[in-house]
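**Student:** I am attaching a structure below and will ask some questions about it afterwards.
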Amino acid sequence: MNSFEPQIIAFCCNWCSYAGADLAGVSRYQYPPNARIIRVMCSGRVEPQFILRAFELGADGVLVAGCHIGDCHYISGNEKCQEKVKITSELLELLGIDRRRLRLEWISASEGAKFAETMRSFTEELKQLGPSPFKEVK
Amino acid sequence: MAGLDELIEETGAHDCVECGKCTSVCPVARINPKFAPRLIVLRVLEGVSDSLSKDKDIWSCITCEMCNDMCPYEVNYSGFILGLRTRAIKAGNLPDCSQSGAVHTYQRLMTSGVKQNRLKWVTPEMKIKERGDVFYFTGCAVHLGALFSDKAGELKNTPANYVRILNAAGIEPVVSNDEVCCGHDLLWAGDEDSMLKLMDKNVEVIRKSGAKTVVFSCPECLRTFEIDYQDFLGDFDFELVHMSEFLLDLIDKGKLSFDSNGGKITYHDSCRLGRHLGIYDPPRDLISALGMELIEMQNNKEKAGCCGVNAFANCGEVSQKLQLDRLLEATATGADEMLTFCPKCVIHFNCLLKSPKLPVPHEKVKILVREFGNVLAEHLQKKGDR
């Protein structure tokens, strides 16, 4: 099981979390290379379908990252995101996917260290959970 | 898959005499004058255009079967559309699905056989069994309630409420964690292959339970079992019953009773339960059994209006207008609530009702659209009270 490298799809908002990922890069913080980052203009753009589709295509975990509540570039996009992630996680549980495979984090543009730490802990957690049950099927 | 010729043969499309009666009743054609059921058939018959890969009208049809009901030559238009759809997606002609297709994706994920956790709603006081005579097919109500929690969150309680009602009548139904979606939405969105996988799983689960009767609350599930599954598998050796018929029987036998303080109700015939399956009276009798007054809408039974969306495909202007028409009709009855068995109808109507884009002031559509079972459960009389 130790050789298992989880595949993570990370949706990062343009204004905070993607910049946070950039900062982690330029600050040379080390973190595991398991995530494929998809930049979205706002975390509120992330629909349940994006997350479901990621799992359908074999992702082991999905991270949704946006601006802290109150800091959204579009005022309340991240609040919408919070609601959508909540219902998606409910749906995932019904389908038999561990809720921990879907994570929501608020990462600001200045939190490069938090981005790297999130990646480390999420990768570690997914390694312990093992491959997604939908992986084999696809 | 059989060719187009066979589809034309099976659905009687050759019998179309282009009288246009289908178009005269088609709710989509009323709003979009370029759309007509007979023209879709004509285009395929004459081969004037490459219907399969280009014709978007096959996705605009809401498959409400008004046309089937009206056609003097009994052409099965909805069956024809269904057959075209399964062929069209192979030719790259895809529907525009609402929610970007989230509903179809979660249903497709169920084909995988991954162990689900779908019975979270079962509480210790509910009596359910793993094997028994009566299987309650819960359908997707809980999933849809989760996905549309802002519009129709109440659907999450639907299966639990039906189990409570059945329990009150002394019935311990089989409810299975291995049940999967019936595949209705996938089938009508053209994905027959996934539907067939789901069908095999469901039939296996029901056979294993030893059930003699399968009860459905969702009209779409019942239609899929009754018509589509049996088309593929031949007649089942178990009985398929709609919840309304099953509950009425229990009321007749004196095992179940409801008590309400009156109230005015109107009933919406969903297309699957009504025109597709011909079940019109049992839900109405149930409302009488509830002790509530049923006020019919102007268009009811065979002529009932539509919730405007089929299989979560192509929701748009036409859908909104159809929804609004129906909601205005329901409001005109003066009833407080509009009941329907179909969870999709509940979602689509509430989607417009709760939308900031509602084209009329909210006071003009003062009606609550609710799933039948959730209302029934509120008026359930416990054994001790009788």
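**Student:** Using only the alpha-carbon atoms of the protein assembly as shown, report the extent along each of the three principal axes, biggest first, to the nearest angstrom.
**Tutor:** Computed over the Cα atoms, the extents are 74, 68, 50 Å.
**Student:** Follow-up. To the nearest 500 deg cm²/dmol, what mean residue ellipticity at 222 nm is calculated for the protein assembly as shown from DSSP H runs of n ≥ 4 alone, each contributing -39,500 (n - 2.57), summed and divided by the residues?
**Tutor:** -12000 deg cm²/dmol
**Student:** Then there is this: B:Asp269's amide H: which non-local residues (gap 5+, or another chain) put their own amide H closer than 5 Å, with H modeled 1.01 Å from N in plane and none for Pro or chain starts?
**Tutor:** B:Lys301
**Student:** What is the helix-to-structure angle for B:243-252, meaning the angle in degrees between its Cα long axis and the longest Cα principal axis of chain B, kept from 0 to 90 and rounded to the nearest 10?
**Tutor:** 40
**Student:** Cβ under 14 Å from B:Asp150's Cβ, B:Asp150 left aside: what net charge do those residues give with Lys, Arg +1 and Asp, Glu -1? Don't skip to the end; give the middle numbers.
**Tutor:** Numbers: positive: A:Lys80, A:Lys84, A:Lys86, B:Lys151, B:Lys156, B:Lys354; negative: A:Glu47, A:Glu79, A:Glu83, A:Glu90, B:Glu154.
Its environment carries a net charge of +1.
**Student:** Applying the Karplus parametrisation 6.51 cos²θ - 1.76 cosθ + 1.60 with θ = phi - 60° to the phi angles of the range B:107-122, what ³J(HN,Hα) value in whole Hz is obtained for each residue in order, glycine and proline being reported as x?
**Tutor:** 5, 5, 4, 6, 6, 6, x, 5, 4, 8, 9, 8, 9, 4, 7, 6
**Student:** Related question: Which GluC sites (Glu not before Pro) from the range B:82-165 combine a DSSP loop assignment with at most 11 other Cβ atoms within 10 Å?
**Tutor:** Numbers: sites: B:Glu125, B:Glu130, B:Glu154; in loops: B:Glu125, B:Glu130.
Listed in order of number, the matching sites are B:Glu125, B:Glu130.
**Student:** Follow-up question, since we're still on this one. Mind checking which lysines have their C-alpha under 23 Å from B:Lys21, skipping anything on the same chain fewer than 8 residues away?
**Tutor:** Hits, sequence-local ones excluded: B:Lys34, B:Lys56, B:Lys301, B:Lys303, B:Lys321.
**Student:** Tell me which residues come under 5 Å, amide H to amide H, from A:Leu102 once H is placed; ignore anything under 5 positions away on its chain.
**Tutor:** The answer is A:Val62.
**Student:** Something else now. Accessible area per residue of the range A:8-129 at 1.4 Å probe, in Å²? Each step should come with its number before you reach the end.
**Tutor:** Numbers: 5310 Å² over 122 residues.
Normalised by residue count, the accessible surface of the range A:8-129 is 44 Å².
**Student:** For the range B:217-225, in order, what is each residue's ³J(HN,Hα) by Karplus, 6.51 cos²θ - 1.76 cosθ + 1.60 with θ = phi - 60°, in whole Hz (x at glycine and Pro)?
**Tutor:** Using θ = phi - 60°, the values come out as 9, 8, x, 5, 4, 4, 4, 5, 5 Hz.
**Student:** While we're looking at this one, here's another question. Per-residue HN-Hα couplings for the range B:317-333, Karplus 6.51 cos²θ - 1.76 cosθ + 1.60 at θ = phi - 60°, whole Hz, x for Gly and Pro?
**Tutor:** 4, 4, 4, 4, 5, 5, 4, 4, 3, 5, 5, 5, 4, 5, 5, 5, 6
**Student:** Where Rh denotes the Kirkwood radius from the mean inverse Cα pair distance, what is Rg over Rh for the range B:89-216?
**Tutor:** Numbers: Rg = 15.6 Å, Rh = 15.7 Å.
In the range B:89-216, Rg relative to Rh is 1.00.
**Student:** Can you give the accessible area per residue of the range B:264-378, in Å², using a 1.4 Å probe? Before the final figure, lay out each step's value.
**Tutor:** Values: 4140 Å² over 115 residues.
Normalised by residue count, the accessible surface of the range B:264-378 is 36 Å².
**Student:** Just the projected area, averaged over all directions, of the convex hull on the alpha carbon atoms of the range B:293-386: how many nm²? Please list the in-between numbers first.
**Tutor:** Working: hull surface 29.7 nm².
Hull-based average projected area comes out at 7.4 nm².
**Student:** Which whole number gives the average, over all residues in B:104-116, of C-beta atoms from other chains lying within 10 Å of the residue C-beta?
**Tutor:** Working: counts 2, 11, 10, 1, 3, 12, 3, 1, 9, 4, 9, 3, 5.
Taking all residues of B:104-116 together, the mean is 6.
**Student:** Sticking with this structure for a sec: In Å² (nearest 100), what accessible area is buried between A and B, both sides summed, heavy protein atoms only, 1.4 Å probe?
**Tutor:** Details: alone 7380 and 16360 Å², together 21870 Å².
Interface between A and B: roughly 1900 Å².
**Student:** Also: What is the magnitude of the charge dipole of chain A about its Cα centre, with +1 placed on the Cβ of each Lys and Arg, -1 on the Cβ of each Asp and Glu, and no other charges, expressed in debye to the nearest 20? Each step should come with its number before you reach the end.
**Tutor:** Numbers: 17 positive and 17 negative charges, 42 e Å.
Roughly 200 debye for chain A.
**Student:** Shifting gears a bit: For peptide A:43-54, compute the average count of partner chain beta-carbon atoms within 10 Å of each residue's beta-carbon. Show your work: numbers first, answer last.
**Tutor:** Numbers: counts 0, 0, 0, 0, 4, 8, 11, 3, 2, 11, 6, 1.
Per residue, the average neighbour count from other chains is 4.
**Student:** Hey, can you grab everything whose amide H is under 5 Å from the amide H of B:Leu240? Only 5+ residues off in sequence or another chain; H modelled, so Pro and N-termini drop out.
**Tutor:** B:Val214
**Student:** Which of the listed residues, B:Ile251, B:Gly183, B:Pro124, is farthest toward the dipole's positive end in the range B:98-252, when Lys, Arg count +1 and Asp, Glu count -1 at the beta-carbon?
**Tutor:** B:Pro124
**Student:** Which order do B:Asp325, B:Asp150 take when ranked by solvent-accessible area (1.4 Å probe, heavy atoms of all protein chains), largest first?
**Tutor:** On the way: B:Asp325 60, B:Asp150 100 Å².
From most accessible down to least: B:Asp150, B:Asp325.
**Student:** Still on this structure: At a 1.4 Å probe radius, carbon and sulfur cover how many percent of the accessible area of the protein assembly as shown? It would help to have the intermediate numbers written out before the result.
**Tutor:** On the way: 10560 of 21870 Å².
Accessible surface attributable to carbon and sulfur in the protein assembly as shown totals 48 percent.
**Student:** Using Cα pairs under 8 angstrom and six or more residues apart, how large is the relative contact order of chain A, in percent? Can you show the working numbers first?
**Tutor:** Values: 250 pairs, mean separation 52.7, N = 138.
Computed value for chain A: 38 percent relative contact order.
The values are calculated or read from the model by the stated rules, or taken from the named source; none is laboratory data. This structure is a prediction, so every number in the text was calculated from the model and none was measured. Every residue, glycine among them, receives a Cβ derived from its backbone with ideal geometry; neighbour counts consider all protein chains shown. Calculation scope for accessible area: heavy atoms of the full protein, side chains included, ligands and nucleic acids excluded. Shrake-Rupley method; radii C 1.70, N 1.55, O 1.52, S 1.80 Å.
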